[in-house]
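So the structure is just underneath, and the comments pick up after that.
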Amino acid sequence: TVYDYLWDAETREFKQWEEITPNFAYDAEVKFSEILVPTKDTTRYAFMVGQLLEVNRGALFVGDTGTGKSVIMADAINSKFTESHSLVPFTINFSAQTSAAR
């Protein structure tokens, strides 16, 4: 489908997301909850966050509990944009148990 491809402006060609997805390298020092295995989906989401940050726009990830939304967003911001955009990440995690009364 059209969602399986990325337009590369430098080569002026379409590329599959898998072509730019980085290889996974396990690091025993990283906490399990912070491990992100790169897939075409995580690469695509990080790319979209980057494009939105480049034009000073926000992003909202929605989806089922436990699908990695917070980890993908934190990784994209911390690894690629913290220094270049003078960002200070501030993470607030909610769980399925969070309610307005708490």
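The values are calculated or read from the model by the stated rules, or taken from the named source; none is laboratory data. Keep in mind it's a predicted model, so treat the numbers as computed, not measured. Cβ placement follows ideal geometry from the backbone for every residue including glycine, while neighbour counts extend to all protein chains displayed. Remember, those area values only see protein heavy atoms, side chains included, never the ligands or the DNA or RNA. Shrake-Rupley method; radii C 1.70, N 1.55, O 1.52, S 1.80 Å.
Counting other Cβ atoms within 10 Å of each Cβ, which chymotrypsin sites (Phe, Trp or Tyr not before Pro) in the stretch 8-74 have at most 11 and sit in a DSSP loop?
On the way: sites: PHE14, TRP17, PHE24, TYR26, PHE32, TYR45, PHE47, PHE61; in loops: PHE24, TYR26, PHE61.
Qualifying residues, ordered by number: PHE24, TYR26.
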Point to revise | Residues of type lysines that LYS69 reaches as a straight line, Cα spacing below 20 Å, ignoring anything fewer than 8 places off in the same chain | key: LYS31, LYS40, LYS80
Revision key, fill the gap. Full extension between TYR26 and LEU87 adds, at 0.36 nm per residue less the Cα distance, a length in nm of 19.3 nm
Point to revise | ALA59-GLN16 pseudo-label distance in nm [points 7 Å out on the Cα-to-Cβ vector] | key: 2.3 nm
Check your understanding: Along the charge dipole of the chain, which of ASN78, LEU6, PRO22 sits closest to the positive end, that is, farthest toward it, with unit charges on the beta carbon of Lys, Arg, Asp and Glu (+1, +1, -1, -1)?
Key -> ASN78
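Out of the stretch 1-39, which trypsin sites (Lys or Arg not before Pro) are coil in DSSP terms and have no more than 15 other C-beta atoms within 10 Å? Intermediate results must be reported in sequence, preceding the final value.
Values: sites: ARG12, LYS15, LYS31; in loops: ARG12, LYS31.
Qualifying residues, ordered by number: ARG12, LYS31.
With a 1.4 Å probe and all protein chains left in place, how much accessible area per residue does the chain have, in Å²? Numbers along the way, then the final one.
Details: 8440 Å² over 102 residues.
Per-residue accessible area for the chain comes out at 83 Å².
Share of Cα-Cα pairs in the chain beyond 15 Å, in percent? Walk me through the intermediate numbers first.
On the way: 3599 of 5151 pairs.
Tail of the P(r) past 15 Å holds 70 percent of the pairs.
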